[in-house]
1. Per 0.36 nm of contour for each residue apart, how much would the distance between ARG4 and GLU176 grow if the chain were fully extended, relative to their Cα-Cα spacing?
2. Going by average Cβ neighbours within 10 Å, how do the peptides 184-190, 161-167, 151-157 rank, with the highest at the top?
3. For ALA93 and ILE19, calculate 0.36 nm times their separation in residues minus their Cα-Cα distance, and state this gained length in nm to one decimal.
4. In terms of modelled amide H atoms, which long-range or inter-chain residues lie less than 5 Å from the amide H of GLY157?
5. Any chance you could tell me what percent of the C-alpha pair distances in region 57-98 go past 16 Å?
6. Distance in nm between label sites at ASN121 and ALA12, each 7 Å beyond Cα in the beta-carbon direction?
7. Net charge near THR180: determine it from the other residues with C-beta under 12 Å of the C-beta of THR180, scoring Lys and Arg +1 and Asp and Glu -1.
Amino acid sequence: IRDRQQTAQSIADLAAGAIVKARLLAESEKRTHQLKTLYDTTRQLSSTLDQERLFKKILQSAVEILDCEAGSLLMADKQSNELIFRAALGPAAGALVNQRMPAGSGPAGKSFTTRETILINDAGLSDFWPKHRESFKGFKPRSLLAAPMLVKNRVVGVIELINHRDGTDFTQDDLELLTTFASQAAVAVENATLY
């Protein structure tokens, strides 16, 4: 009986090790895909000079890279000190585009004013976008990332992403990836503006 127990324990240990290795391999492959997509997208963004197309492409790319359910791209209006929703994906997209909000309002506004990436998990419990809450139609925000788009030490906009499609929380790796992407996107926006 003792031999059988030891054999069973050895098999269980091998299976656990194989599961851990498979999970690490899957995470590594996912990160490799994200970084390749980030590289390819950055090259594409730098060749787009039409601002409206660029805004949509930036947001679509961010949502794809981090595999999210929804997102928005807000750009700063220097005259009014407001943020303007220039692109949106997800259930409330139609209600958000061209809407304005004060620069310090909600996670995007906080990201804008602090110049920091904001990560909130369990966002369904926080009170953000109350003006547009009725537009979500059953969509439940669980987690949120908001990254400032910095160019030459000034914030030109914010990329905000909501919910991983697989239901998992956003991680520190996600935060770093979005921060890097937002910086590249900001340069592309600046180039399009100068053009």
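Taken together, the values in this text are just the output of simple stated rules run on the coordinates, not laboratory data. From a predicted model like this one, the values you see are computed outputs, not experimental measurements. With ideal geometry, Cβ positions are generated from the backbone for all residues, glycine too; neighbour counts draw on all protein chains shown.
1. Stretched out fully, the ARG4 to GLU176 stretch lengthens by 57.1 nm.
2. Highest to lowest by the protection proxy: 184-190, 161-167, 151-157.
3. On the way: separation 74, 0.36 × 74 = 26.64 nm, distance 3.92 nm.
Using 0.36 nm per residue and subtracting the Cα-Cα distance, I get 22.7 nm.
4. When sequence neighbours closer than 5 places are left aside, the close amide H contacts are ALA76, MET149.
5. Roughly 37 percent, once rounded to a whole number.
6. So the two model labels end up 2.8 nm from each other.
7. Taking every other residue near THR180 into account, the sum is -3.
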